[in-house]
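What follows is calculated from the coordinates using simple rules that are stated; it is not laboratory data. Because the structure is predicted, anything quoted here is derived from the model rather than measured. Every residue, glycine as well, gets a Cβ built from its backbone with ideal geometry; the counts of neighbours run over all protein chains shown.
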Amino acid sequence: MIEMLKQQKPERDYEELSREHLHFKNETYMMLREFERLFLEIEDNEAKIEELENRIFLLEEQAEALRKKEADLARQLNNLKNSKLGRLAKKYWAFRKKWFRRMHKR
């Protein structure tokens, strides 16, 4: 009888260890799947961040070009306003605007 118990105990220990080992493998597999999902999500987010940074860079370049163009146009307008021909053109267009409005009121 004692021999039977001795023989059964190692077998029970083996079964218990097998169950624990199987449980450990399952938990490890689940954690690895979760880590894989997280890593893929991080890579996807990094790609999106890089794309957004590139778009920001392009928009900043466009904004700078527009600022330069606006400054150039403002300078040209000031030069035109300060010249004799520019003042005459400005008066002509003001006169024409008034005249055109008067003609269309009738």
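How far is helix 2-82 tilted, in degrees, relative to the longest principal axis of the Cα atoms in the chain, given as a value from 0 to 90 rounded to the nearest 10? Its long axis makes an angle of about 10 degrees. Helix 84-105 versus the longest principal axis of the chain: what angle, 0 to 90°, nearest 10, using Cα atoms? Between helix and principal axis, roughly 90 degrees.
Restricting to lysines 8 or more places apart or on different chains, can you count the pairs in region 2-105 with Cα atoms under 18 Å from each other?
Details: K81/K90; K81/K91; K81/K97; K90/K98; K97/K105.
Close lysine pairs under the 18 Å cut-off: 5.
A value for log10 I(q)/I(0) by the Debye sum over Cα atoms at q = 0.16, 0.21 Å⁻¹ was derived from the coordinates, and within the list (1) -0.76, -1.19; (2) -0.95, -1.08; (3) -0.76, -1.05 it appears as (2).
Each Lys or Arg adds one and each Asp or Glu subtracts one; over the other residues with Cβ under 14 Å from the Cβ of E50, this totals -3.
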